[in-house]
Amino acid sequence: EKGGFDHFMLKEIYEQPRSIKDCMRGRIYPTKGLVQLGGIKEYADKLKNVDRIIIVACGTSWHAGLVGEYLIEECARIPVEVEYASEFRYRNPIISEKDIVIAVSQSGETADTMAAIELAKEKGATIFGICNVVGASIPRLSHAGVYTHAGPEIGVASTKAFTAQVTVLTLMALYMAQQRGTISNSKLVHLLTELDNIPSLVEQCLKSNDTIRVMSEQFKDARNFLFLGRGSGFPVALEGALKLKEISYIHAEGYPAAEMKHGPIALIDEEMPVVFIATKNSSYEKVISNIQEVKARKGKVIAIVTEGDTTVKNMADYTIEIPDADEIFLPLLATIPLQLLSYHIAVLRGCNVDQPRNLAKSVTVE
Ligand code: F6R
């Protein structure tokens, strides 16, 4: 049932070109520059006028929420707050019937996320659910929503569910932009045409698997790891760190690259691997100077770069290429090599990647 793969996790990583495609099916019309989301269309008018969106989630789904914040603010110019469901619910949050709350959950059964929804509902907010499991509790508690349609995820560490959540949030951001007129139709045609091609770019990212497996040998005994990125590369860094710690038990932290000098830089020595999201986008030059800071302290740099990059290649110890795409699609591509990196490191360490210790697939306790 693992379809020839050694683990469900690897099978699910490889399913992503298909799961992302399934997630977009019937929802985008690139030549018309049109996004259709049947699950939230009743709220199209509300989206036109909403002043604020709050995203609540836990774990990997919270990371997807952080990508969503970047996407919705960038595309639809709506202020977004992203909250850990477990913190939101205990803080007497300020919310009203004017707000839209988006709850993101693979399983649709996470206790803290459900409690956050109930609280927001009591205060009159409109709830959208983004969920993978059809008919689960969260979609039933929500007023409206969009399923991710990634198919069942067996590996405890979320992979294809994360990229499907990011895909839905991308669709939502573009849908909101369309309702609010913040992106022109011709630009939407362009972006949706690129989005339609993302599954084949993800396929290309998977071709780095052998390179990553070989490189992982060098890092299997590391005791710590840092993951750094800027902009939408920051949540990708957080997700890379979470994936590594949960399946390999190596301590890892994700940080915004520029925050490194405010503390974590003290950790850097020749023993410290630092993974950079260093693709060609608006923060490229800044990330380069962060890489220099790490190299000056003899840290080991693994950089995720845009295909054909030479500048970073000359500075980093290892580079992994991903194809070029519009900046808003970067998280969907840059995540793939990080999933593979944690997978191979964990396998080399003899860990049970599909069922890491102490973790459950759905967390139904508070
Ligand atoms: C990490 C992971 C967890 C879940 C979190 C929320 O790989 O899977 O961090 O993301 O427990 O679960 P859902 O999305 O089911 O609400």
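Candidates S289, S283: the one that is open to solvent by less than 60 Å² (accessible area, probe 1.4 Å) and over 21 Å from the mean Cα position of the chain (by Cα) is S289. Every listed requirement among (1) under 18 Å from L47 (Cβ atoms); (2) in contact with a helix residue (DSSP H, G or I) (Cβ under 8 Å, 6 or more places away or on another chain); (3) small (G, A, S) is met by A116 save one, (1). Number of residues in region 348-366 that are more than 11 Å from the ligand (Cβ to nearest atom), within 25 Å of S107 (Cβ to Cβ) and in contact with a Ser or Thr (Cβ under 8 Å, 6 or more places away or on another chain): the value is 2. If you scan region 84-120, which residues turn out to be assigned to a strand (DSSP E or B) and of a type in the set (S, T, N, Q)? Answer for region 84-120, where residues must be assigned to a strand (DSSP E or B) and of a type in the set (S, T, N, Q): just S105. Under the condition of being open to solvent by 40 Å² or more (accessible area, probe 1.4 Å) and not hydrophobic (A, V, I, L, M, F, W, C), the residues counted in region 105-134 number 5. The set of residues in region 187-234 being of a type in the set (G, A, S) and touching a strand residue (DSSP E or B) at 6+ places or on another chain (Cβ under 6 Å) consists of S208, A222, G229, G233. Total residues in region 153-187 satisfying the condition of being charged (D, E, K, R), open to solvent by 50 Å² or more (accessible area, probe 1.4 Å) and within 16 Å of the ligand (Cβ to nearest atom): the figure is 0. Here H190 clears all of (1) open to solvent by 20 Å² or more (accessible area, probe 1.4 Å); (2) in contact with a helix residue (DSSP H, G or I) (Cβ under 8 Å, 6 or more places away or on another chain); (3) closer than 13 Å to P30 by Cα except the condition numbered (2). Would you check which residues across region 141-170 are over 21 Å from I95 (Cα atoms) and without any contact (Cβ under 8 Å) to a residue 60 or more places away in the chain and list them? Across region 141-170, the qualifying residue is only P152. Might you let me know whether region 233-252 holds any residue that is surrounded by 15 or more Cβ atoms within 10 Å (Cβ to Cβ), outside any strand (DSSP E or B) and free of Cβ contacts under 8 Å to residues at least 24 places away in the same chain? Within region 233-252 (the criterion being surrounded by 15 or more Cβ atoms within 10 Å (Cβ to Cβ), outside any strand (DSSP E or B) and free of Cβ contacts under 8 Å to residues at least 24 places away in the same chain), the answer is yes, since at least one residue qualifies. State all residues of region 307-322 that are under 16 Å from I212 (Cα atoms) and either open to solvent by less than 50 Å² (accessible area, probe 1.4 Å) or of a type in the set (D, E) (or both); if no residue qualifies, say none. Hits for region 307-322 are E307, A316, D317, T319, I320, E321, I322. When region 98-137 is filtered for residues that are without any contact (Cβ under 8 Å) to a residue 12 or more places away in the chain and within 11 Å of the ligand (Cβ to nearest atom), nothing remains.
For region 62-83, a residue qualifies if it is within 16 Å of the ligand (Cβ to nearest atom) and in a strand (DSSP E or B), and the qualifying residues are V82, E83.
Contact map, region 61-78: first residue more than 13 Å from L330 (Cα to Cα) and open to solvent by 10 Å² or more (accessible area, probe 1.4 Å), second residue among the charged types (D, E, K, R) and more than 16 Å from the ligand (Cβ to nearest atom), Cβ cut-off under 8 Å, separation 6 or more or different chains; pairs are E69/E81; R77/R180.
The values are calculated or read from the model by the stated rules, or taken from the named source; none is laboratory data. This structure is a prediction, so every number in the text was calculated from the model and none was measured. FYI the Cβ positions are ideal-geometry reconstructions off the backbone, even for glycines, and counts take in every protein chain you see. When the accessible area is computed, the model is the full protein with side chains, heavy atoms only, and any ligands, DNA or RNA have been set aside. Shrake-Rupley method; radii C 1.70, N 1.55, O 1.52, S 1.80 Å.
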